[in-house]
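> Before I ask anything, let me first share the structure, which is written out below as structure tokens.
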Amino acid sequence: MKLLDRNGLKADVYRRMSEGQFDGPGIVSLAELADGAQPAAGKLGLAIENTANVRDVERHFDSVTLIVIHFPSFGDGRGFTLARRLRRAGFGGTLRASGPLIPDQFAFALACGFDEVELPEGQIERQPVEQWRGALTAFSAPYQQGYRRPRTILEERRRNAPEAAR
Amino acid sequence: MYRYDEFDERFVRERVAQFRDQVQRRIDGALTEEEFRPLRLQNGLYLQLHAYMLRIAVPYGVLSSRQLRALATIADRYDRGYGHFTTRQNLQFNWPKLRDAPDILELLADVQMHTIQTSGNCIRNTTADQFAGVAADEIEDPRPVAELIRQWSSLHPEFAFLPRKFKIAVNGATEDRAVLKAHDVAVRIIRHAETGETGYQILAGGGLGRTPMIGKIVVDFAPKGHLLSHLEAVMRVYNAQGRRDNKYKARIKILVHEIGLPEFKARIAAELEAEGPSFRQEEVDELARIATFFARKEYETLAPHSRPYERARAANRDFAQWADTALFAHKADGYAIVTVSLKPIGGPPGDMTSDQMRAFADLADRYSLGELRVSHAQNLVLPHVKKDDLFALWRALGEHGLSTANVGLITDIIACPGLDYCALATARSIPIAQAIAQRFADPARQHDIGPLNIKISGCINACGHHHVGHIGILGLEKSGRESYQITLGGDASWNAAIGELLGPGLTADETPAAIERLVDFYLAHRLSGETFIETVKRLGAGAFKGAFAGVSRHEAA
Ligand code: SF4
């Protein structure tokens, strides 16, 4: 698995707790969390399916530092809406998309509230980091308001409008 | 009409560059075919039976003469000299090469056009009333709202990978000319019953295809400034909960149907509630900015009646017959809206050659302030013609084979590309349309029959809207042979209805005769002044079954 964010590849400090005992921050599922799973050291990640209910996740916001949303395929866009809803509900930790996303979706993922993408084995070899970084600058500004993006076309238009029209 | 500012322009150029890069990454293997496919589709590029097909967005059906000329150039340079207008007001080229696609997109960008999201599981090109802004029965011009939706839906970060395609239509007139109830979501501009302010009624869950459904009102009235928040709420509910396990159950109509209208409305309400205040000042401001582009044209002050027009009518029967079908009431005195038929008898419905495009562009400049429209019925519209000019226009159209006097009549047939082009087709549609048109070619007979919509689809996907045709024809394949199912009583207006199946499927050869039997039955039973669909509604489709059965045996071919 390879992890990358807007700056490029990064080391993953978390590990799935189901993969065995481990000292660092761990990732658990909702079921494991309900069973009282706790990481050995401080940080806790929560892995959820893209069908998860916001209310079931929300109650753990204070105890988890990472939420991992699973993308079963790149064509399944439910994760985008779930990310947007978790951010809206107030999740301030790290949000990770895990699955075979493609570079052309990277900007969408970040806009919806994700911080990082975890790719399956082999994909980054085929789609090197430059392609992911390049995809972020493909568009200078988007149309939609209300997503996590530095600027939008509406804002640029407003800035451009003559004083009187403001 | 709307003109791109520097930001729209930059956006479309960046989209072309992105697609160029995507094609390159596909070629060098960075993208697999499976990964490339949705990217190609979201740029309007389909792999069809014989070649690629490129679908170009004509946002809400509005084109300038300059844009039509560019389309003619593309038709000549990259295709076989013609294009096909679709039931979603788009234009398709049937023979482009994949490697030329980025260059075609560049040419389109030069005239402020694109192919963004004309295909794929995303929000498709927004359609609207083809008479928007000029119709006498209009409450408010729907084009600014349609343009707002075009921009908002372009590369929406959350809704680019939906369960299935998503079609939005907008209408602002009392008569529905945009088939609102056959759309995933429809926005209807209405006047509030008490306050009189204009706002939006939102419908959802309509759609044809395998399981035809009529759209239902999900938001009774959203005031100005509240539209996009409501649309986002609907989209979010659908994206999260629409089915993804079965492609045939993935449209929003199935979700609305399965959970029921009250539950669907409750989920929208919950979504709106969670999102907070739904009013957005920037939406009001942006709509106002866009509306300036659609401000009322500078019309000349003319008398409502035109003497030259009346004289020409009286002197020339062919002209009068054409005018009876082609004209629609314009807002401005002395002007008319002219619908130009792309259904010459025996021609493929909706096709136009590059020569015709150029000639038509010239006529639009000369007689219609350089503007034209595409209708969902696959015809073109000249929206601002002086009545004084109608006779000259008609003569000029005739020189280019564009004066067929059949708009709204039995030979004004909607037909999808079918087995002649489409990879999904189970039967041909164009030849069926041609055969029916030939059978009813006599203009006097067509006028006697009056308004009648025949709609033909070449498979269950229903791109030809056969369910809502007064007579619908669906081409299927049965044990290696084409088999055509005939439905009766469909209606694409605000009183939308799904047609009723009349009986077993017919062969291609039997179909025109069966249609003729239905028409003869109508002629024999109509009350004075009654249209075909009115007679069908009065008598019921069942009453026609006897006439239909007369030919429903498969005769030896
Ligand atoms: S109805 Fe079927 S055959 Fe016709 S265009 Fe649509 S998919 Fe193709």
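The values are calculated or read from the model by the stated rules, or taken from the named source; none is laboratory data. The model shown is predicted, which means the values in this text are computed figures rather than measured ones. Glycine also receives a Cβ, built like all others from the backbone with ideal geometry; neighbour counts cover every protein chain displayed.
> So which residues in region B:388-427 are in contact with an Asp or Glu (Cβ under 6 Å, 6 or more places away or on another chain) and within 12 Å of the ligand (Cβ to nearest atom)?
Those that are in contact with an Asp or Glu (Cβ under 6 Å, 6 or more places away or on another chain) and within 12 Å of the ligand (Cβ to nearest atom): B:Thr426, B:Ala427.
> Within region B:160-198, track down each residue that is touching a Cys at 6+ places or on another chain (Cβ under 7 Å) and part of a strand (DSSP E or B).
Within region B:160-198, B:Phe166 is the sole residue that qualifies.
> Tell me, please, whether a residue that is under 30 Å from B:Gly172 (Cβ atoms) and modelled with pLDDT of 95 or more can be found in region B:19-42. Before the answer, list the steps.
The initial filter retains those residues of region B:19-42 that are under 30 Å from B:Gly172 (Cβ atoms), namely B:42.
Now narrow it down to the ones that are modelled with pLDDT of 95 or more: B:42.
Scanning region B:19-42 turns up at least one residue that is under 30 Å from B:Gly172 (Cβ atoms) and modelled with pLDDT of 95 or more.
> What's the number of the condition B:Ala72 fails, among (1) in contact with a Pro (Cβ under 9 Å, 6 or more places away or on another chain); (2) surrounded by 20 or more Cβ atoms within 10 Å (Cβ to Cβ); (3) more than 14 Å from chain A (Cβ to nearest Cβ)?
Answer for B:Ala72: the failing condition is (1).
> Also, I was wondering about something else. In region B:265-303, which residues are surrounded by 13 or more Cβ atoms within 10 Å (Cβ to Cβ), free of Cβ contacts under 8 Å to residues at least 60 places away in the same chain and aliphatic (A, V, I, L, M)?
Those that are surrounded by 13 or more Cβ atoms within 10 Å (Cβ to Cβ), free of Cβ contacts under 8 Å to residues at least 60 places away in the same chain and aliphatic (A, V, I, L, M): B:Ala266, B:Ile268, B:Ala269, B:Leu272, B:Ala274.
> If a residue must be surrounded by fewer than 16 Cβ atoms within 10 Å (Cβ to Cβ) and over 23 Å from B:Glu34 (Cβ atoms), how many such residues does region A:66-87 contain?
Of the residues in that region, 0 qualify.
> Then there is this: For region B:62-72, which residues satisfy the criterion of being more than 11 Å from B:Met1 (Cβ to Cβ) and within 17 Å of the chain's Cα centre (by Cα)?
Once the filter is applied, which keeps residues that are more than 11 Å from B:Met1 (Cβ to Cβ) and within 17 Å of the chain's Cα centre (by Cα), region B:62-72 yields nothing.
> Checking B:Ala441 against (1) within 17 Å of the chain's Cα centre (by Cα); (2) hydrophobic (A, V, I, L, M, F, W, C); (3) more than 13 Å from the ligand (Cβ to nearest atom), which single condition isn't satisfied?
All conditions are met except number (1).
> Condition first: within 16 Å of the ligand (Cβ to nearest atom) and surrounded by 24 or more Cβ atoms within 10 Å (Cβ to Cβ). Now tell me which residues in region B:428-438 satisfy that.
The answer is B:Ser429, B:Ile432, B:Ala433.
> Quick check on B:Ile449: is it β-branched (Val, Ile, Thr) and farther than 18 Å from B:Pro348 by Cα?
Criteria met by B:Ile449.
> List, please: which pairs have Cβ atoms under 6 Å, are six or more places apart or on different chains, and start with a residue in region B:427-450 that is in the same structural domain as B:Gln378 (by TED's automatic domain parsing) and end with one that is assigned to a helix (DSSP H, G or I) and more than 16 Å from the ligand (Cβ to nearest atom)?
The qualifying pairs do not exist here.
> Which one is nearest to the ligand (Cβ to nearest atom) among residues in region B:455-488 that are at pLDDT below 95 and polar (S, T, N, Q)?
Ranking the candidates gives B:Asn461 first.
> Select, from B:Ala193, B:Ala222, the only residue that is more than 14 Å from every other protein chain (Cβ to nearest Cβ), farther than 22 Å from B:Arg267 by Cα, hydrophobic (A, V, I, L, M, F, W, C) and over 22 Å from the mean Cα position of the chain (by Cα).
Unique residue meeting the criteria: B:Ala193.
> Of all residues in region B:354-378, count the ones that are in contact (Cβ under 8 Å) with a residue 60 or more places away in the chain and either assigned to a loop (DSSP other than H, G, I, E, B) or at positive phi (or both).
6
> Right, something else. When you look at B:Ser354, is it surrounded by 22 or more Cβ atoms within 10 Å (Cβ to Cβ), out of contact with any Ser or Thr (no Cβ under 6 Å at 6 or more places or on another chain) and polar (S, T, N, Q), yes or no?
no
> Same structure again: If you go through region A:30-53 one residue at a time, how many are closer than 19 Å to A:Gly99 by Cβ and away from chain B (no Cβ under 14 Å)?
Of the residues in region A:30-53, 4 are closer than 19 Å to A:Gly99 by Cβ and away from chain B (no Cβ under 14 Å).
> Taking only region B:118-157 into account, find how many residues are in a helix (DSSP H, G or I), of a type outside the set (Lys, Arg) and facing chain A (nearest Cβ under 10 Å).
The first filter runs over region B:118-157 and keeps only residues in a helix (DSSP H, G or I), leaving B:143-153.
Of the ones still in play, those that are also of a type outside the set (Lys, Arg) are B:144-149, B:151-153.
Going one step further and asking which of them are facing chain A (nearest Cβ under 10 Å), we end up with B:148, B:151-153.
Here the count works out to 4.
> Would you check which residues across region B:237-264 are surrounded by fewer than 20 Cβ atoms within 10 Å (Cβ to Cβ) and among the charged types (D, E, K, R) and list them?
Taking region B:237-264 and keeping what is surrounded by fewer than 20 Cβ atoms within 10 Å (Cβ to Cβ), we get B:241, B:243, B:245-250, B:257-263.
Within region B:237-264, B:Arg243, B:Asp245, B:Lys247, B:Lys249, B:Glu258, B:Glu263 meet the criteria.
> Sticking with this one: Any residue at all in region A:117-124 that's within 11 Å of another protein chain (Cβ to nearest Cβ) and assigned to a loop (DSSP other than H, G, I, E, B)?
Within region A:117-124 (the criterion being within 11 Å of another protein chain (Cβ to nearest Cβ) and assigned to a loop (DSSP other than H, G, I, E, B)), the answer is no, since none of the residues qualifies.
> Condition first: in a loop (DSSP other than H, G, I, E, B), facing chain B (nearest Cβ under 10 Å) and over 12 Å from the mean Cα position of the chain (by Cα). Now tell me which residues in region A:54-94 satisfy that.
Within region A:54-94, A:Pro72, A:Ser73, A:Phe74, A:Gly75, A:Asp76, A:Gly77, A:Ala89 meet the criteria.
This table checks each residue for (1) part of a loop (DSSP other than H, G, I, E, B); (2) more than 19 Å from B:Arg373 (Cα to Cα).
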{"site": "B:Leu31", "(1), (2)": "yes, yes"}
{"site": "B:Phe36", "(1), (2)": "no, yes"}
{"site": "B:Asn43", "(1), (2)": "yes, yes"}
{"site": "B:Tyr46", "(1), (2)": "no, yes"}
{"site": "B:His50", "(1), (2)": "yes, yes"}
{"site": "B:Arg55", "(1), (2)": "no, no"}
{"site": "B:Gly83", "(1), (2)": "no, no"}
{"site": "B:Arg88", "(1), (2)": "yes, no"}
{"site": "B:Asp103", "(1), (2)": "no, yes"}
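> Also, quick follow-up: Would you tally the residues in region B:1-29 being more than 30 Å from B:Pro142 (Cα to Cα) and part of a helix (DSSP H, G or I)?
11
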